Amino acid sequence: MGEDRRIDHHGAARHELEAFLTLAEELHFGRTAMRLHVSTARISQTIRSLELRVGTRLFARTSRRVSLSPDGQQLLNNLRRGRDQPGCQPPDC
(Lines give C-alpha, C1' and ligand atoms only; values in the text may rest on other atoms or scores of the structure.)
Protein backbone atom coordinates (compact mmCIF):
# COMPACT_ATOMS: atom_id res chain seq x y z
CA MET A 1 0.00 0.00 0.00
CA GLY A 2 1.32 3.45 -0.82
CA GLU A 3 2.63 5.64 1.95
CA ASP A 4 0.24 8.44 1.00
CA ARG A 5 -2.79 6.46 2.24
CA ARG A 6 -3.46 7.09 5.91
CA ILE A 7 -5.03 4.18 7.76
CA ASP A 8 -6.97 5.53 10.70
CA HIS A 9 -9.36 4.24 13.30
CA HIS A 10 -12.14 6.82 13.04
CA GLY A 11 -15.49 5.08 12.95
CA ALA A 12 -14.10 1.92 14.54
CA ALA A 13 -15.86 0.58 17.61
CA ARG A 14 -13.97 0.46 20.90
CA HIS A 15 -14.10 -3.36 20.99
CA GLU A 16 -12.60 -3.51 17.48
CA LEU A 17 -9.69 -1.33 18.53
CA GLU A 18 -9.20 -3.31 21.73
CA ALA A 19 -9.13 -6.56 19.73
CA PHE A 20 -6.74 -5.04 17.19
CA LEU A 21 -4.33 -3.74 19.83
CA THR A 22 -4.37 -7.00 21.79
CA LEU A 23 -3.86 -9.13 18.68
CA ALA A 24 -1.06 -6.81 17.54
CA GLU A 25 0.63 -7.46 20.88
CA GLU A 26 -0.03 -11.20 21.15
CA LEU A 27 0.08 -12.15 17.45
CA HIS A 28 -2.04 -15.14 18.44
CA PHE A 29 -5.83 -15.39 18.15
CA GLY A 30 -6.19 -17.85 21.04
CA ARG A 31 -4.22 -15.77 23.53
CA THR A 32 -6.01 -12.63 22.39
CA ALA A 33 -9.38 -14.32 22.95
CA MET A 34 -8.31 -15.48 26.41
CA ARG A 35 -7.14 -12.00 27.40
CA LEU A 36 -10.38 -10.42 26.22
CA HIS A 37 -12.61 -13.20 27.59
CA VAL A 38 -14.25 -13.97 24.26
CA SER A 39 -14.07 -16.81 21.75
CA THR A 40 -11.39 -17.10 19.09
CA ALA A 41 -14.16 -16.91 16.49
CA ARG A 42 -15.31 -13.59 17.96
CA ILE A 43 -11.78 -12.15 17.65
CA SER A 44 -11.59 -13.33 14.06
CA GLN A 45 -14.98 -11.77 13.24
CA THR A 46 -14.08 -8.53 14.98
CA ILE A 47 -10.78 -8.19 13.13
CA ARG A 48 -12.49 -9.02 9.83
CA SER A 49 -15.08 -6.32 10.54
CA LEU A 50 -12.37 -3.76 11.34
CA GLU A 51 -10.49 -4.68 8.16
CA LEU A 52 -13.66 -4.12 6.13
CA ARG A 53 -14.19 -0.77 7.85
CA VAL A 54 -10.67 0.50 7.11
CA GLY A 55 -10.57 -1.12 3.68
CA THR A 56 -7.42 -3.19 3.99
CA ARG A 57 -5.90 -6.25 5.63
CA LEU A 58 -4.35 -5.44 8.99
CA PHE A 59 -2.87 -8.87 9.67
CA ALA A 60 -1.23 -11.51 7.52
CA ARG A 61 -2.53 -14.90 8.60
CA THR A 62 -1.50 -18.45 7.91
CA SER A 63 -2.56 -21.57 9.76
CA ARG A 64 0.58 -21.26 11.89
CA ARG A 65 1.41 -17.56 12.04
CA VAL A 66 -0.14 -14.13 12.52
CA SER A 67 1.78 -10.94 11.77
CA LEU A 68 0.93 -7.31 11.22
CA SER A 69 0.61 -6.25 7.60
CA PRO A 70 2.27 -2.98 6.60
CA ASP A 71 -1.14 -1.27 6.91
CA GLY A 72 -1.68 -2.91 10.30
CA GLN A 73 1.67 -1.56 11.46
CA GLN A 74 0.70 1.89 10.22
CA LEU A 75 -2.60 1.76 12.15
CA LEU A 76 -0.77 0.58 15.27
CA ASN A 77 1.69 3.47 14.94
CA ASN A 78 -1.19 5.94 14.45
CA LEU A 79 -2.99 4.63 17.54
CA ARG A 80 0.18 4.80 19.64
CA ARG A 81 0.96 8.30 18.40
CA GLY A 82 -2.58 9.42 19.24
CA ARG A 83 -2.45 7.76 22.66
CA ASP A 84 0.71 9.68 23.49
CA GLN A 85 -0.86 13.08 22.73
CA PRO A 86 -1.80 15.16 25.79
CA GLY A 87 -5.52 15.06 26.51
CA CYS A 88 -6.09 12.06 24.27
CA GLN A 89 -9.13 9.96 25.18
CA PRO A 90 -9.23 6.85 22.94
CA PRO A 91 -10.90 5.98 20.71
CA ASP A 92 -11.63 9.60 19.83
CA CYS A 93 -8.07 10.85 19.40
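The values are calculated or read from the model by the stated rules, or taken from the named source; none is laboratory data. Please read all numbers here as calculations on a predicted model, not as lab measurements. Glycine gets a Cβ as well: all are built from the backbone with ideal geometry, and neighbour counts include every protein chain shown. Protein only, heavy atoms only, side chains kept; ligands, DNA and RNA dropped before computing areas. Shrake-Rupley method; radii C 1.70, N 1.55, O 1.52, S 1.80 Å.
For segment 20-68, the per residue solvent-accessible surface stands at 62 Å², with DNA, RNA and ligands left out and a 1.4 Å probe. Using the Karplus relation 6.51 cos²θ - 1.76 cosθ + 1.60 with θ = phi - 60°, the per-residue 3J(HN,Hα) values for segment 52-61 come to 5, 5, 8, x, 7, 6, 9, 10, 9, 10 Hz, with x marking Gly and Pro. Whenever you get a sec, compute what percent of the accessible area on segment 6-72 sits on carbon and sulfur atoms (1.4 Å probe). Carbon-and-sulfur percentage of accessible area, whole number: 51.
For residue 69, the residues whose amide H sits under 5 Å from its own are 59, 60, ignoring neighbours fewer than 5 places away on the same chain, with H placed 1.01 Å from N. Residues within the reach of a label modelled at residue 49 (point 7 angstrom out along Cα to beta-carbon, backbone nitrogen below 13 Å), restricted to segment 15-39, are 15-20, 39.
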